[in-house]
Amino acid sequence: MCGIVGYTGPRQAAQLLLDGLKRLEYRGYDSAGLALVRDGQIEVHKAPGKISVLEQELGSRPPLGTTGIAHTRWATHGAPNVVNAHPHTDCGGTVALVHNGIIENAGALRTALSKRGHVFRSETDTEVLAHLIEEMLAKGVSLVEAVAGALHQVEGTYGIAAVSTREPDTIVAARLGSPLLVAIGSGENFVASDASAVLAHTRSVVYLDEGEIAVVRPGDYRILDLDAVEKEKAVTQVDWDLATIERGGYAHFMLKEIMEQPESLRNTLRGRLLEEEGTARLGGLNLSDEQLLQVNRIVLTACGTSWHAALIGEYMMEELARIPTEVEYASEFRYRNPIVDEHTLVVGISQSGETADTLAALREAKRRGARTLGLVNVVGSTIAREVDGGIYLHAGPEIGVASTKAFTSQIAALALLTLAMGRLRALSILQGREVVRALRRLPDLVAQVLAKAPEVERIGERVMRANNVLYLGRGYNFPVALEGALKLKEISYVHAEGYPAAEMKHGPIALIDDLMPVMFVAPKDAVYQKILSNVEEVRARGGRVIAVVTEGDTGVAKLAGQKIEVPETLDLLTPVLTVLPLQLLAYYIAVRRGCNVDQPRNLAKSVTVE
Ligand code: AGP
């Protein structure tokens, strides 16, 4: 989840690198640095904290040099300080590199290198690579051969970019487990961990695949495998422009992305709803109907918010497609001994498409013969390129660390997959048409809920001082309770817990008192009468009830001290509406508590390490 950017061309590199890092700051931001190659020297500058600190330290006259690399860090090995900030150099200062990932055998390599006289300055695993490259260069090989030779000794994951005084206008970049791309300019080229860092200059990018290495010079680039065999790679045109990425006038990316959900859902559904046949057109599954019919079990695997979406997908699949479905934390799935075979469909759900645990779970599933799909937002991401097929969310870039529009697009994508699978089985054309029509109406209903943001903000004012909040839901809205709690926790640092409403009486009801707000997610659905009883249980114990209810509700609404109403829709789609007030509530509370909403402490947007 660190950010990498490199430049080589006719222009001075420093400001280009700093501007690129700013676009990557959401990936990790506890320190930053850059290295420039000029006149046979490598000049390195690093600073703790955000990019602006580094920029201030460089002052109004940034260092000169037309080839350079830069890095914004989210610490995994070694404290977040200047010494551990990247770039790291070799003993002689003739090699510098930046790295995203984890070198798992760094300890052993460091010991061996130290015995051979290398002097380490940092606590990081990354620095080991600089010294390995130094040793390879001493044998007289080229920079790319030296980097490849170093990487052959390494176990773990990496996305790296390296420069050397030996080849002053060359950047060598390599990836194994951490995303990296080459961006192609006119007489100049870039490397970056994602496209947002270079969109101001070019939209033509080449995504590196696992084990690939790039040699990038001002006027050309080559892609090789680690055995130095040259590879032909497609050039992708990135269709996100900077305006899309900019905040669009909102105070935070998170609020922009919450408010974008009518549009992001339209984009997820665009061209995929077939009302006549009552099904979905999913061109990217790369699985024939016959292959889909051979599926006798589905595993949905993900992390965090995406895991909550998976829980909703489980209910959808079993209710409408009648296929046994289970949900697995990716981090658990990858290390247990799951029963998976060629009739199992394993679906990875991931906004970034780079989450290490989800990627590893999918690789484990493939190893065991399962067919794999990815429900992914970032085009060309590793998960998207490794699965057999998938559904791109088309939700647009999600910059805020807290996932919002990706979540509702994941639910919509799961509904589309459920339609496609269900209509091959037990789902009738009339049932299918009902789902299609409800999906088509959904973006407008979302807009209606978002228009109530001021109501939610007022509720936030009354809840913001709570130190604990309980979120309760049932059926399709139990995962929404989990998601609402996660949103509050991760951006306002208030402890919150999501729970199945019926489980309260098995212990947590002891927590209830008039100090603890209890948020019920209670739309008119199949379990409404049941959750009404749960609300009464909480009220009877003096609990402060806030509720998300369906418009016109006269049951739960009467018992709630405060309520937010959402329009009616099919049960399976209620989460898309009921989650919106919870996203907004978390946002407003976090803002009032003075938290860094887009970059919450300790968090990164894409967790590309275990
Ligand atoms: C969501 O608000 C969190 N930032 C986090 O739980 C996230 O959903 C999780 O890390 C999975 O990310 P992914 O969807 O990119 O795989």
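A few remarks follow.
- Sites matching GluC sites (Glu not before Pro) across region 265-365 that sit in DSSP coil, with at most 10 neighbouring C-beta atoms within 10 Å: Glu276
- Enclosed volume per residue, in Å³, of the convex hull spanned by Cα atoms of region 336-460: 150 Å³
- Cα-Cα pairs of region 51-151 separated by more than 20 Å (percent): 41 percent
- Anisotropy class of region 129-219 from Cα gyration tensor, a/c 1.5 cut: oblate
- Region 503-575: C-alpha gyration tensor shape, a/c 1.5 cut-off, then a/b vs b/c: prolate
- DSSP loop chymotrypsin sites (Phe, Trp or Tyr not before Pro) with at most 16 other Cβ within 10 Å: longest gap in the chain: 336-492
- Distance (nanometres) between label positions extended 7 Å along Cα→Cβ at Ser60 and Arg592: 4.4 nm
- Euclidean distance between Cα centres, region 39-74 to region 104-168, Å: 22 Å
- Kirkwood Rh in Å, taken over all unlike Cα pairs in region 144-295: 18.6 Å
- Normalised by 2.2 N^0.38 Å, where N is the number of residues, the alpha-carbon radius of gyration of region 247-398 equals 1.06.
- Full extension of the segment from Ile429 to Val235, taken as 0.36 nm per residue of separation minus the current Cα-Cα distance, would add 65.7 nm.
- Once the C-beta distance of Ile339 and Asp289 is scaled by a Förster radius of 22 Å, the resulting FRET efficiency is 0.30 to the nearest 0.05.
- Remark on region 453-610: Rg and Dmax equal 15.0, 48 Å (Cα only).
- Within the chain, helices built from complete DSSP H runs that reach 24 Å or longer along their own axis (Cα positions) and carry a mean Kyte-Doolittle hydropathy of 0.0 or higher are 405-422, 429-450, 574-592.
- Volume per residue that the Cα convex hull of region 73-208 spans, once the total is divided by residue count, Å³: 107 Å³
- Global geometry of region 9-48, whether rounded, prolate or oblate, following the gyration tensor of its Cα atoms and the 1.5 cut on a/c: oblate
- Beta-bridge orientation, the chain: approximately 60 percent antiparallel, per DSSP, counting only bridges with both partners inside.
- Expected 222 nm ellipticity per residue - DSSP helices of 4 or more, -39500 (n - 2.57), all of the chain, to 500: -10500 deg cm²/dmol
- Environment charge of Pro262, counting only residues whose C-beta is closer than 15 Å and scoring Lys/Arg +1, Asp/Glu -1: +3
- Semi-axis lengths (Å, descending) of the ellipsoid that matches the C-alpha gyration tensor of the chain: 45, 27, 21
Each value in this text was obtained by applying a stated rule to the coordinates, not by laboratory testing. Here the structure is a predicted model, which is why all the values come from computation and not from measurement. Glycine gets a Cβ as well: all are built from the backbone with ideal geometry, and neighbour counts include every protein chain shown.
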